[in-house]
Amino acid sequence: MRPKLILPHQFSFATEMRVRVSDINYAGHLSNDRVLSLLHEARVRFLNQFGFTEMDVDGAGTIMTHAVLIYKSEAFHGDLLVIEVAVGEFHKFGCDFFYKITNRDKNKEVARGKTGHVFFNYETHTMMPVPQKFLKLCAPKS
């Protein structure tokens, strides 16, 4: 049975990326492993808008704990992709990032994903609570 991934109703951030020739696999379409790399780049851009990096979110690093990817359609060299990002499912030490990739020219969903992250102290190799500044900026508003 194919897994399902329910996305949030709203995404707070979007960025565009064009499919590069290095993103194409032997079958001539966007490679499955490159999708995770695109999500990584989108997440970095999302964090950068607040002045954060993956190694410094208000004093805490981040570390990915899991990834879920669902492929919906093909994308090809030169296609312009819109990658939307939302944050949710907060817990004491982390949260999940949700992604939706759409082919802008064809107005067709290419993939969706979710990555789990915890906040991490790389010096002590221990988890840290979600930084309050990140929570205030990124937690879904009710």
Among the residues of the range 41-63, is there at least one that is within 16 Å of Phe76 (Cβ to Cβ) and either modelled with pLDDT of 95 or more or not β-branched (Val, Ile, Thr) (or both)? no
Please tell me if Leu38 is under 24 Å from Asn103 (Cβ atoms), open to solvent by less than 50 Å² (accessible area, probe 1.4 Å) and not small (Gly, Ala, Ser). yes
Residues of the range 89-142 being in a strand (DSSP E or B), charged (D, E, K, R) and touching a residue at least 60 places away in the same chain (Cβ under 8 Å), which ones? Lys100, Arg112, Lys114
For the range 1-31, give me the residue count where each residue is polar (S, T, N, Q), without any contact (Cβ under 8 Å) to a residue 60 or more places away in the chain and assigned to a loop (DSSP other than H, G, I, E, B). 2
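Residues checked against (1) hydroxyl-bearing (Ser, Thr, Tyr); (2) closer than 28 Å to Lys92 by Cβ; (3) not in a helix (DSSP H, G or I):
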| residue | (1), (2), (3) |
| --- | --- |
| Asp33 | no, no, no |
| Leu36 | no, yes, no |
| Leu39 | no, yes, no |
| Arg43 | no, yes, no |
| Phe46 | no, yes, no |
| Phe50 | no, yes, yes |
| Ile63 | no, yes, yes |
| Ala67 | no, yes, yes |
Taking the conditions exactly as written (under 21 Å from Asp58 (Cα atoms), open to solvent by less than 10 Å² (accessible area, probe 1.4 Å), at pLDDT 95 or above and over 15 Å from the mean Cα position of the chain (by Cα)), does Phe134 satisfy them or not? yes
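The values are calculated or read from the model by the stated rules, or taken from the named source; none is laboratory data. Source: prediction; values computed, not measured. No Cβ is skipped: glycine too gets one built from the backbone with ideal geometry, and neighbour counts run over all protein chains shown. In case anyone asks, the SASA skips ligands and DNA or RNA and just uses the protein heavy atoms, side chains included. Shrake-Rupley method; radii C 1.70, N 1.55, O 1.52, S 1.80 Å.
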